[in-house]
Amino acid sequence: MAAEDLVERRSIDVVPDDERHGTAFSQFTLWLGANLQITAVVTGALAVVFGGDVVWSLAGLVLGNLLGGAVMALHSAQGPKLGLPQMIQSRAQFGVKGAVVPLLLVILMYVGFFASGSVLAGQATAELTHTDDTTGIVLFAAVTAVMAAVGYRVIHALGRVASVICALAFVYLGVRLVERVDVSALLGDARFDLPMFLLAVSLSASWQLAFGPYVADYSRYLPRTTSAKATFWWTLSGSAIGSQWSMTFGVLVAASAGDTFLDNQVGYVVGLGGTGLIASFLYFVIALGKLTINVLNTYGGFMSMVTSISGFRGLKVLGPRGRAAYIAVIMVAGTAVALLGKDSFLTSFKDFLLFLLTFFTPWSAINLVDYYLISRERYDIPALFDPHGRYGAWRPDALVVYGIGLLAQLPFLVTHFYTGPLVEPLGGADISWIVGLVVPAVLYWTLAGRGAVAPGDGPQPERGASPTADEAPAP
(Lines give C-alpha, C1' and ligand atoms only; values in the text may rest on other atoms or scores of the structure.)
Protein backbone atom coordinates (compact mmCIF):
# COMPACT_ATOMS: atom_id res chain seq x y z
CA MET A 1 0.00 0.00 0.00
CA ALA A 2 1.36 3.43 -0.98
CA ALA A 3 2.09 5.98 1.75
CA GLU A 4 -0.52 8.36 0.36
CA ASP A 5 -3.14 5.60 0.71
CA LEU A 6 -2.11 4.92 4.29
CA VAL A 7 -2.46 8.50 5.49
CA GLU A 8 -6.13 9.33 6.00
CA ARG A 9 -7.60 12.15 3.91
CA ARG A 10 -11.01 12.38 5.57
CA SER A 11 -11.81 14.25 8.76
CA ILE A 12 -15.43 15.08 9.63
CA ASP A 13 -16.73 14.81 6.05
CA VAL A 14 -18.79 11.86 4.79
CA VAL A 15 -16.86 8.78 3.66
CA PRO A 16 -17.96 8.04 0.05
CA ASP A 17 -18.97 4.54 -0.92
CA ASP A 18 -15.89 3.99 -3.10
CA GLU A 19 -13.61 4.52 -0.08
CA ARG A 20 -15.44 2.07 2.20
CA HIS A 21 -13.63 -1.14 3.11
CA GLY A 22 -13.28 -3.87 5.73
CA THR A 23 -15.68 -6.14 7.60
CA ALA A 24 -17.53 -5.88 10.90
CA PHE A 25 -14.99 -8.25 12.46
CA SER A 26 -12.50 -5.38 12.40
CA GLN A 27 -14.49 -3.89 15.28
CA PHE A 28 -13.82 -6.98 17.39
CA THR A 29 -10.04 -6.85 17.01
CA LEU A 30 -9.89 -3.08 17.51
CA TRP A 31 -11.92 -3.07 20.72
CA LEU A 32 -10.39 -6.24 22.09
CA GLY A 33 -6.92 -4.73 21.66
CA ALA A 34 -8.05 -1.39 23.08
CA ASN A 35 -9.32 -3.05 26.28
CA LEU A 36 -6.53 -5.53 27.00
CA GLN A 37 -4.44 -2.94 28.77
CA ILE A 38 -3.18 -1.75 32.13
CA THR A 39 -5.75 1.00 32.77
CA ALA A 40 -8.57 -1.53 32.45
CA VAL A 41 -6.68 -3.70 34.96
CA VAL A 42 -6.55 -0.73 37.36
CA THR A 43 -10.27 -0.06 36.81
CA GLY A 44 -11.12 -3.61 37.84
CA ALA A 45 -8.79 -3.37 40.81
CA LEU A 46 -10.63 -0.28 42.05
CA ALA A 47 -13.72 -2.39 42.77
CA VAL A 48 -11.68 -4.26 45.42
CA VAL A 49 -9.50 -1.35 46.51
CA PHE A 50 -12.58 0.59 47.59
CA GLY A 51 -14.05 -2.27 49.61
CA GLY A 52 -15.64 -4.92 47.39
CA ASP A 53 -15.07 -8.68 47.58
CA VAL A 54 -13.84 -10.73 44.63
CA VAL A 55 -17.04 -12.59 43.70
CA TRP A 56 -19.47 -9.70 43.72
CA SER A 57 -16.93 -7.30 42.23
CA LEU A 58 -16.55 -9.66 39.27
CA ALA A 59 -20.33 -10.01 38.94
CA GLY A 60 -20.80 -6.24 39.05
CA LEU A 61 -18.07 -5.66 36.49
CA VAL A 62 -19.64 -8.20 34.11
CA LEU A 63 -23.04 -6.53 34.40
CA GLY A 64 -21.60 -3.05 33.86
CA ASN A 65 -19.55 -4.16 30.86
CA LEU A 66 -22.58 -5.74 29.22
CA LEU A 67 -24.96 -2.84 29.91
CA GLY A 68 -22.51 -0.07 29.06
CA GLY A 69 -21.07 -2.10 26.17
CA ALA A 70 -24.52 -2.51 24.61
CA VAL A 71 -25.05 1.26 24.63
CA MET A 72 -21.58 1.78 23.17
CA ALA A 73 -22.16 -0.85 20.46
CA LEU A 74 -25.43 0.79 19.43
CA HIS A 75 -23.38 3.91 18.66
CA SER A 76 -20.91 1.79 16.67
CA ALA A 77 -23.73 0.46 14.47
CA GLN A 78 -24.40 4.02 13.31
CA GLY A 79 -20.99 4.28 11.58
CA PRO A 80 -21.50 2.17 8.41
CA LYS A 81 -24.97 3.60 7.92
CA LEU A 82 -23.98 7.27 7.98
CA GLY A 83 -20.26 7.28 7.12
CA LEU A 84 -19.74 10.07 9.64
CA PRO A 85 -17.76 10.55 12.85
CA GLN A 86 -19.83 10.03 15.98
CA MET A 87 -20.13 13.57 17.30
CA ILE A 88 -21.18 15.13 13.98
CA GLN A 89 -24.39 13.15 14.47
CA SER A 90 -25.07 15.14 17.65
CA ARG A 91 -25.95 18.09 15.43
CA ALA A 92 -29.19 16.35 14.53
CA GLN A 93 -30.19 16.49 18.19
CA PHE A 94 -28.48 19.64 19.52
CA GLY A 95 -28.18 21.76 16.38
CA VAL A 96 -25.13 22.53 14.25
CA LYS A 97 -23.79 24.98 16.83
CA GLY A 98 -25.55 23.55 19.88
CA ALA A 99 -23.60 20.29 19.55
CA VAL A 100 -20.58 22.17 20.89
CA VAL A 101 -22.03 21.88 24.43
CA PRO A 102 -21.50 18.11 24.83
CA LEU A 103 -18.46 18.32 22.55
CA LEU A 104 -16.53 20.51 24.98
CA LEU A 105 -17.03 17.87 27.64
CA VAL A 106 -16.02 15.13 25.20
CA ILE A 107 -12.76 16.94 24.47
CA LEU A 108 -12.11 17.16 28.20
CA MET A 109 -12.67 13.41 28.40
CA TYR A 110 -10.13 12.69 25.67
CA VAL A 111 -7.52 14.86 27.36
CA GLY A 112 -8.20 13.11 30.67
CA PHE A 113 -7.96 9.63 29.25
CA PHE A 114 -4.87 10.56 27.28
CA ALA A 115 -3.31 11.78 30.52
CA SER A 116 -4.29 8.78 32.64
CA GLY A 117 -3.06 6.37 29.97
CA SER A 118 0.20 8.24 29.58
CA VAL A 119 0.95 7.96 33.31
CA LEU A 120 1.00 4.15 33.24
CA ALA A 121 2.41 3.81 29.72
CA GLY A 122 5.08 6.37 30.58
CA GLN A 123 6.29 4.13 33.40
CA ALA A 124 6.61 1.21 30.99
CA THR A 125 8.26 3.36 28.31
CA ALA A 126 10.74 4.68 30.89
CA GLU A 127 11.74 1.13 31.80
CA LEU A 128 12.19 0.18 28.14
CA THR A 129 14.28 3.27 27.33
CA HIS A 130 16.12 3.42 30.69
CA THR A 131 14.92 6.95 31.37
CA ASP A 132 12.70 8.51 34.06
CA ASP A 133 8.90 8.60 34.15
CA THR A 134 8.69 12.16 32.85
CA THR A 135 10.74 11.33 29.77
CA GLY A 136 8.76 8.13 29.28
CA ILE A 137 5.47 10.05 29.33
CA VAL A 138 6.72 12.59 26.78
CA LEU A 139 8.11 9.89 24.44
CA PHE A 140 4.92 7.88 24.64
CA ALA A 141 2.79 10.96 23.92
CA ALA A 142 4.87 11.81 20.85
CA VAL A 143 4.47 8.31 19.34
CA THR A 144 0.74 8.45 20.04
CA ALA A 145 0.38 11.75 18.21
CA VAL A 146 2.23 10.50 15.12
CA MET A 147 0.05 7.40 14.79
CA ALA A 148 -3.14 9.38 15.32
CA ALA A 149 -2.06 11.78 12.58
CA VAL A 150 -1.72 8.90 10.09
CA GLY A 151 -5.31 7.97 10.88
CA TYR A 152 -7.88 5.26 10.36
CA ARG A 153 -5.95 2.45 8.64
CA VAL A 154 -3.02 2.48 11.03
CA ILE A 155 -5.41 2.59 14.00
CA HIS A 156 -7.11 -0.62 12.89
CA ALA A 157 -3.76 -2.25 12.06
CA LEU A 158 -2.56 -1.36 15.55
CA GLY A 159 -5.72 -2.89 17.01
CA ARG A 160 -5.16 -6.18 15.17
CA VAL A 161 -1.56 -6.42 16.39
CA ALA A 162 -2.44 -5.43 19.95
CA SER A 163 -5.35 -7.87 20.15
CA VAL A 164 -3.02 -10.82 19.47
CA ILE A 165 0.07 -9.74 21.43
CA CYS A 166 -1.85 -8.46 24.45
CA ALA A 167 -4.10 -11.54 24.55
CA LEU A 168 -1.04 -13.81 24.64
CA ALA A 169 0.52 -11.69 27.37
CA PHE A 170 -2.64 -11.76 29.49
CA VAL A 171 -2.88 -15.54 29.15
CA TYR A 172 0.71 -15.82 30.39
CA LEU A 173 0.12 -13.37 33.24
CA GLY A 174 -3.06 -15.19 34.22
CA VAL A 175 -1.19 -18.47 34.49
CA ARG A 176 1.52 -16.83 36.61
CA LEU A 177 -1.10 -15.28 38.87
CA VAL A 178 -2.93 -18.58 39.43
CA GLU A 179 0.40 -20.19 40.36
CA ARG A 180 0.91 -17.60 43.10
CA VAL A 181 -2.60 -17.04 44.40
CA ASP A 182 -5.16 -19.33 46.02
CA VAL A 183 -8.01 -18.37 43.71
CA SER A 184 -10.48 -20.75 45.41
CA ALA A 185 -9.90 -18.98 48.73
CA LEU A 186 -10.53 -15.58 47.13
CA LEU A 187 -13.71 -16.83 45.48
CA GLY A 188 -14.86 -18.47 48.71
CA ASP A 189 -14.87 -15.17 50.61
CA ALA A 190 -18.08 -13.78 49.10
CA ARG A 191 -20.00 -11.10 50.99
CA PHE A 192 -22.63 -9.15 49.11
CA ASP A 193 -22.65 -5.42 49.73
CA LEU A 194 -25.05 -3.45 47.53
CA PRO A 195 -23.08 -0.15 47.40
CA MET A 196 -19.85 -1.96 46.53
CA PHE A 197 -21.64 -4.09 43.94
CA LEU A 198 -23.12 -1.00 42.31
CA LEU A 199 -19.71 0.71 42.43
CA ALA A 200 -18.30 -2.20 40.39
CA VAL A 201 -21.20 -1.91 37.94
CA SER A 202 -20.63 1.85 37.65
CA LEU A 203 -16.88 1.48 37.11
CA SER A 204 -17.24 -0.90 34.18
CA ALA A 205 -20.35 0.79 32.75
CA SER A 206 -18.56 4.15 32.79
CA TRP A 207 -15.57 2.52 31.11
CA GLN A 208 -17.79 1.34 28.24
CA LEU A 209 -20.00 4.42 27.99
CA ALA A 210 -16.96 6.67 27.71
CA PHE A 211 -16.26 5.05 24.30
CA GLY A 212 -19.68 6.16 23.05
CA PRO A 213 -18.72 9.64 21.81
CA TYR A 214 -16.16 8.22 19.36
CA VAL A 215 -16.97 4.58 18.66
CA ALA A 216 -18.59 5.26 15.26
CA ASP A 217 -15.38 7.04 14.17
CA TYR A 218 -13.87 3.56 13.76
CA SER A 219 -16.78 1.91 11.96
CA ARG A 220 -17.64 4.69 9.51
CA TYR A 221 -15.37 3.33 6.76
CA LEU A 222 -17.17 -0.02 6.70
CA PRO A 223 -19.22 -0.62 3.51
CA ARG A 224 -22.74 0.74 3.68
CA THR A 225 -24.08 -2.81 3.21
CA THR A 226 -22.42 -3.98 6.45
CA SER A 227 -25.03 -5.49 8.75
CA ALA A 228 -25.89 -3.24 11.67
CA LYS A 229 -26.38 -6.34 13.79
CA ALA A 230 -22.92 -7.64 12.90
CA THR A 231 -21.34 -4.28 13.71
CA PHE A 232 -23.20 -4.21 17.03
CA TRP A 233 -22.27 -7.72 18.14
CA TRP A 234 -18.62 -7.64 17.04
CA THR A 235 -18.15 -4.29 18.79
CA LEU A 236 -19.88 -5.44 21.97
CA SER A 237 -18.05 -8.76 22.13
CA GLY A 238 -14.61 -7.25 21.51
CA SER A 239 -15.07 -4.48 24.05
CA ALA A 240 -16.84 -6.52 26.74
CA ILE A 241 -14.51 -9.52 26.51
CA GLY A 242 -11.37 -7.39 26.47
CA SER A 243 -12.41 -5.17 29.36
CA GLN A 244 -13.77 -8.00 31.51
CA TRP A 245 -10.60 -10.04 30.93
CA SER A 246 -8.42 -7.13 32.06
CA MET A 247 -10.69 -6.16 34.96
CA THR A 248 -10.89 -9.74 36.24
CA PHE A 249 -7.11 -9.82 36.32
CA GLY A 250 -7.16 -6.51 38.19
CA VAL A 251 -9.64 -7.78 40.78
CA LEU A 252 -7.54 -10.87 41.52
CA VAL A 253 -4.31 -8.91 41.68
CA ALA A 254 -5.76 -6.25 43.99
CA ALA A 255 -7.35 -8.88 46.26
CA SER A 256 -4.11 -10.85 46.58
CA ALA A 257 -1.38 -8.21 46.42
CA GLY A 258 -2.93 -5.26 48.27
CA ASP A 259 -0.54 -2.36 48.82
CA THR A 260 2.19 -4.02 46.76
CA PHE A 261 0.04 -3.53 43.66
CA LEU A 262 -1.31 -0.13 44.69
CA ASP A 263 2.16 1.35 45.19
CA ASN A 264 3.36 0.43 41.67
CA GLN A 265 0.77 -1.06 39.32
CA VAL A 266 3.07 -1.41 36.31
CA GLY A 267 5.99 -2.73 38.35
CA TYR A 268 3.87 -5.35 40.08
CA VAL A 269 2.32 -6.69 36.88
CA VAL A 270 5.71 -6.97 35.19
CA GLY A 271 7.27 -8.53 38.29
CA LEU A 272 4.51 -11.12 38.29
CA GLY A 273 5.60 -12.21 34.83
CA GLY A 274 9.34 -12.50 35.43
CA THR A 275 12.62 -10.73 34.83
CA GLY A 276 15.06 -10.10 31.99
CA LEU A 277 13.66 -10.50 28.49
CA ILE A 278 10.23 -11.46 29.82
CA ALA A 279 10.07 -8.25 31.84
CA SER A 280 11.10 -6.22 28.80
CA PHE A 281 8.41 -7.93 26.74
CA LEU A 282 5.76 -7.14 29.36
CA TYR A 283 6.81 -3.50 29.53
CA PHE A 284 6.42 -3.45 25.75
CA VAL A 285 2.96 -5.05 26.02
CA ILE A 286 1.84 -2.44 28.57
CA ALA A 287 3.06 0.35 26.31
CA LEU A 288 1.44 -1.27 23.24
CA GLY A 289 -1.93 -1.71 24.95
CA LYS A 290 -1.92 1.90 26.11
CA LEU A 291 -0.75 3.09 22.71
CA THR A 292 -3.80 1.49 21.11
CA ILE A 293 -6.31 3.22 23.35
CA ASN A 294 -4.43 6.51 23.52
CA VAL A 295 -4.33 6.74 19.74
CA LEU A 296 -8.12 6.34 19.80
CA ASN A 297 -8.39 9.09 22.39
CA THR A 298 -6.13 11.44 20.44
CA TYR A 299 -7.92 10.78 17.15
CA GLY A 300 -11.31 11.21 18.84
CA GLY A 301 -10.18 14.46 20.43
CA PHE A 302 -9.04 15.74 17.04
CA MET A 303 -12.41 14.84 15.51
CA SER A 304 -14.30 16.55 18.32
CA MET A 305 -12.26 19.74 18.10
CA VAL A 306 -12.79 19.97 14.34
CA THR A 307 -16.51 19.28 14.78
CA SER A 308 -16.79 22.05 17.40
CA ILE A 309 -15.00 24.68 15.36
CA SER A 310 -16.61 23.72 12.05
CA GLY A 311 -20.06 24.30 13.54
CA PHE A 312 -19.22 28.00 13.66
CA ARG A 313 -16.83 28.29 10.70
CA GLY A 314 -18.47 25.91 8.22
CA LEU A 315 -15.28 23.85 7.82
CA LYS A 316 -15.79 20.38 6.31
CA VAL A 317 -12.38 19.30 5.04
CA LEU A 318 -9.06 19.57 6.86
CA GLY A 319 -5.58 19.32 5.34
CA PRO A 320 -2.59 17.43 6.81
CA ARG A 321 -1.18 20.52 8.53
CA GLY A 322 -4.47 21.32 10.17
CA ARG A 323 -4.83 17.71 11.34
CA ALA A 324 -1.32 17.79 12.82
CA ALA A 325 -2.04 21.05 14.62
CA TYR A 326 -5.23 19.78 16.26
CA ILE A 327 -3.56 16.54 17.31
CA ALA A 328 -0.62 18.48 18.75
CA VAL A 329 -3.02 20.46 20.95
CA ILE A 330 -4.51 17.23 22.35
CA MET A 331 -1.04 15.77 22.91
CA VAL A 332 0.33 18.83 24.71
CA ALA A 333 -2.73 19.22 26.94
CA GLY A 334 -2.87 15.52 27.81
CA THR A 335 0.84 15.33 28.51
CA ALA A 336 0.69 18.35 30.80
CA VAL A 337 -2.16 16.82 32.81
CA ALA A 338 -0.27 13.49 33.00
CA LEU A 339 2.85 15.14 34.35
CA LEU A 340 0.88 17.12 36.93
CA GLY A 341 -1.23 14.19 38.15
CA LYS A 342 1.13 11.22 37.94
CA ASP A 343 1.70 11.08 41.73
CA SER A 344 -2.00 10.81 42.69
CA PHE A 345 -3.18 8.57 39.89
CA LEU A 346 -5.39 5.93 41.50
CA THR A 347 -7.93 8.01 43.45
CA SER A 348 -8.03 10.72 40.81
CA PHE A 349 -8.71 8.18 38.05
CA LYS A 350 -11.65 6.58 39.89
CA ASP A 351 -13.29 9.98 40.45
CA PHE A 352 -12.54 10.98 36.87
CA LEU A 353 -14.32 7.89 35.52
CA LEU A 354 -17.45 8.36 37.60
CA PHE A 355 -17.57 12.11 37.02
CA LEU A 356 -17.33 11.61 33.25
CA LEU A 357 -20.20 9.18 33.38
CA THR A 358 -22.40 12.01 34.66
CA PHE A 359 -21.91 13.95 31.44
CA PHE A 360 -22.03 11.20 28.84
CA THR A 361 -24.99 9.09 29.86
CA PRO A 362 -27.51 11.88 29.02
CA TRP A 363 -25.77 12.45 25.69
CA SER A 364 -25.92 8.73 24.85
CA ALA A 365 -29.59 8.54 25.81
CA ILE A 366 -30.53 11.52 23.62
CA ASN A 367 -28.44 10.38 20.65
CA LEU A 368 -29.74 6.81 20.64
CA VAL A 369 -33.40 7.75 21.14
CA ASP A 370 -33.16 10.26 18.31
CA TYR A 371 -31.33 7.96 15.88
CA TYR A 372 -33.18 4.69 16.44
CA LEU A 373 -36.65 5.77 17.60
CA ILE A 374 -37.35 9.26 16.24
CA SER A 375 -35.29 9.64 13.04
CA ARG A 376 -35.39 5.88 12.47
CA GLU A 377 -31.76 5.68 11.32
CA ARG A 378 -32.00 8.40 8.67
CA TYR A 379 -30.45 11.85 8.77
CA ASP A 380 -30.31 14.65 6.24
CA ILE A 381 -26.51 14.72 5.94
CA PRO A 382 -26.11 18.11 4.20
CA ALA A 383 -28.26 19.69 6.91
CA LEU A 384 -25.76 18.53 9.54
CA PHE A 385 -23.33 21.10 8.12
CA ASP A 386 -25.83 23.93 7.62
CA PRO A 387 -26.92 26.00 10.66
CA HIS A 388 -29.83 27.31 8.56
CA GLY A 389 -30.99 23.83 7.54
CA ARG A 390 -33.39 21.30 8.98
CA TYR A 391 -31.57 20.87 12.29
CA GLY A 392 -30.92 24.56 12.87
CA ALA A 393 -28.08 26.18 14.79
CA TRP A 394 -29.38 25.44 18.30
CA ARG A 395 -31.95 22.90 19.51
CA PRO A 396 -33.28 24.19 22.85
CA ASP A 397 -35.32 21.04 23.53
CA ALA A 398 -32.27 18.75 23.44
CA LEU A 399 -30.10 21.19 25.38
CA VAL A 400 -32.73 21.54 28.11
CA VAL A 401 -33.17 17.77 28.33
CA TYR A 402 -29.39 17.34 28.49
CA GLY A 403 -29.20 19.86 31.35
CA ILE A 404 -32.02 18.12 33.21
CA GLY A 405 -30.26 14.78 32.68
CA LEU A 406 -27.12 16.20 34.28
CA LEU A 407 -28.96 17.68 37.27
CA ALA A 408 -31.08 14.56 37.82
CA GLN A 409 -27.93 12.53 38.50
CA LEU A 410 -26.44 14.79 41.17
CA PRO A 411 -28.55 13.53 44.12
CA PHE A 412 -27.33 9.96 43.38
CA LEU A 413 -23.67 10.67 42.57
CA VAL A 414 -20.74 9.45 44.69
CA THR A 415 -17.23 10.84 44.14
CA HIS A 416 -14.29 11.77 46.35
CA PHE A 417 -15.22 15.45 46.21
CA TYR A 418 -19.05 15.26 46.15
CA THR A 419 -21.73 12.90 47.46
CA GLY A 420 -25.40 13.44 46.62
CA PRO A 421 -28.09 13.69 49.33
CA LEU A 422 -29.94 10.53 48.21
CA VAL A 423 -26.85 8.31 48.37
CA GLU A 424 -27.09 7.59 52.11
CA PRO A 425 -30.76 6.43 52.01
CA LEU A 426 -29.67 3.98 49.29
CA GLY A 427 -26.97 2.55 51.52
CA GLY A 428 -24.18 4.46 49.77
CA ALA A 429 -24.97 3.06 46.31
CA ASP A 430 -24.25 5.14 43.21
CA ILE A 431 -27.11 4.76 40.70
CA SER A 432 -26.55 8.11 39.00
CA TRP A 433 -25.70 6.55 35.63
CA ILE A 434 -29.03 4.69 35.54
CA VAL A 435 -30.88 7.94 36.22
CA GLY A 436 -28.72 9.64 33.59
CA LEU A 437 -29.87 7.17 30.93
CA VAL A 438 -33.55 6.83 31.80
CA VAL A 439 -34.58 10.43 32.59
CA PRO A 440 -33.23 12.14 29.42
CA ALA A 441 -34.35 9.23 27.21
CA VAL A 442 -37.95 9.58 28.37
CA LEU A 443 -37.91 13.39 28.32
CA TYR A 444 -36.35 13.63 24.86
CA TRP A 445 -38.76 11.10 23.41
CA THR A 446 -41.65 13.09 24.90
CA LEU A 447 -40.46 16.50 23.68
CA ALA A 448 -38.72 15.75 20.38
CA GLY A 449 -40.79 12.77 19.26
CA ARG A 450 -43.95 14.81 18.88
CA GLY A 451 -42.44 17.25 16.39
CA ALA A 452 -40.20 14.83 14.55
CA VAL A 453 -40.05 14.92 10.76
CA ALA A 454 -40.76 11.51 9.29
CA PRO A 455 -37.79 9.93 7.51
CA GLY A 456 -39.51 10.15 4.16
CA ASP A 457 -40.43 13.83 4.50
CA GLY A 458 -38.36 16.86 3.68
CA PRO A 459 -35.07 17.01 1.79
CA GLN A 460 -33.19 13.75 1.57
CA PRO A 461 -29.43 13.28 1.09
CA GLU A 462 -27.92 11.95 -2.08
CA ARG A 463 -26.77 8.37 -2.48
CA GLY A 464 -23.25 8.03 -1.12
CA ALA A 465 -23.86 10.60 1.61
CA SER A 466 -26.58 9.07 3.79
CA PRO A 467 -28.46 5.81 4.21
CA THR A 468 -31.59 4.94 2.29
CA ALA A 469 -34.75 3.31 3.55
CA ASP A 470 -33.96 -0.20 2.28
CA GLU A 471 -30.81 -0.71 4.31
CA ALA A 472 -30.19 -3.11 7.17
CA PRO A 473 -32.30 -2.61 10.30
CA ALA A 474 -30.80 -1.72 13.64
CA PRO A 475 -29.92 -4.51 16.05
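The values are calculated or read from the model by the stated rules, or taken from the named source; none is laboratory data. Treat the numbers as computed from the prediction; the structure is a model and nothing was measured. FYI the Cβ positions are ideal-geometry reconstructions off the backbone, even for glycines, and counts take in every protein chain you see. Keep in mind that these areas ignore ligands, DNA and RNA; they rest on the heavy atoms of the full protein, side chains included. Shrake-Rupley method; radii C 1.70, N 1.55, O 1.52, S 1.80 Å.
Overall shape: prolate for the stretch 81-183, with the ratio a/c of the largest to smallest alpha carbon gyration tensor axis at 1.5 or above and a/b above b/c. When only the Cβ of Lys, Arg, Asp and Glu is charged (+1, +1, -1, -1), the dipole of the chain relative to its Cα centre reaches about 980 debye.
Extending each Cα 7 Å along its Cβ direction at residue 422 and residue 376, get the distance between those two points in nm, one decimal. Once both label points are built, they end up 3.5 nm from each other. Under the classification rounded if a/c is under 1.5, otherwise prolate if a/b is larger than b/c and oblate if not, where does the stretch 1-123 fall, given a ≥ b ≥ c as square roots of the Cα gyration tensor eigenvalues? Prolate, since a/c reaches 1.5 and a/b exceeds b/c. Just to compare against my own numbers: the Cα pair-distance distribution for the stretch 123-202, 5 Å bins, whole % per bin, please. Per 5 Å bin, starting at 0, the Cα pair percentages come out as 3, 11, 9, 11, 15, 16, 13, 11, 8, 2.
Here the chain has 67 percent of its accessible surface on carbon and sulfur atoms, given a 1.4 Å probe and all protein chains in place. In percent, rounded to a whole number, the relative contact order of the chain is 32, using alpha-carbon pairs under 8 Å and six or more apart. If R0 is 45 Å, the Cβ-Cβ spacing of residue 23 and residue 336 corresponds to a FRET efficiency of close to 0.70.
Put simply, when 21-30, 244-253 are sorted by average Cβ atoms within 10 angstrom per residue, most first, you get 244-253, 21-30.
Descending by average beta-carbon neighbour count within 10 Å, the peptides 300-308, 382-390 line up as 300-308, 382-390, the highest first. Note on residue 417: accessible area is roughly 130 Å² with a 1.4 Å probe, heavy atoms of protein only. FRET efficiency for the residue 312 to residue 160 pair, using the beta carbon distance and R₀ = 35 Å, is estimated at 0.40.
Surface exposure of the chain, expressed per residue as accessible area with a 1.4 Å probe, stands at 37 Å². Positive end of the dipole of the chain, charges at C-beta (+1 Lys, Arg; -1 Asp, Glu), about the Cα centre: which of 295, 228, 425 has its Cα farthest in that direction? Among 295, 228, 425, the one farthest towards the positive end of the dipole of the chain is 228. In the stretch 375-446, Rg over Rh equals 1.17, where Rg is the alpha-carbon radius of gyration and Rh the Kirkwood radius from pairwise Cα distances.
In this structure residue 233 has an accessible area near 150 Å², from a 1.4 Å probe over the protein heavy atoms. Based on a Kirkwood Rh over C-alpha pairs, give the Stokes-Einstein translational diffusion coefficient of the stretch 278-336 at 4 °C and viscosity 1.567 mPa s in µm²/s. D = 99 µm²/s.
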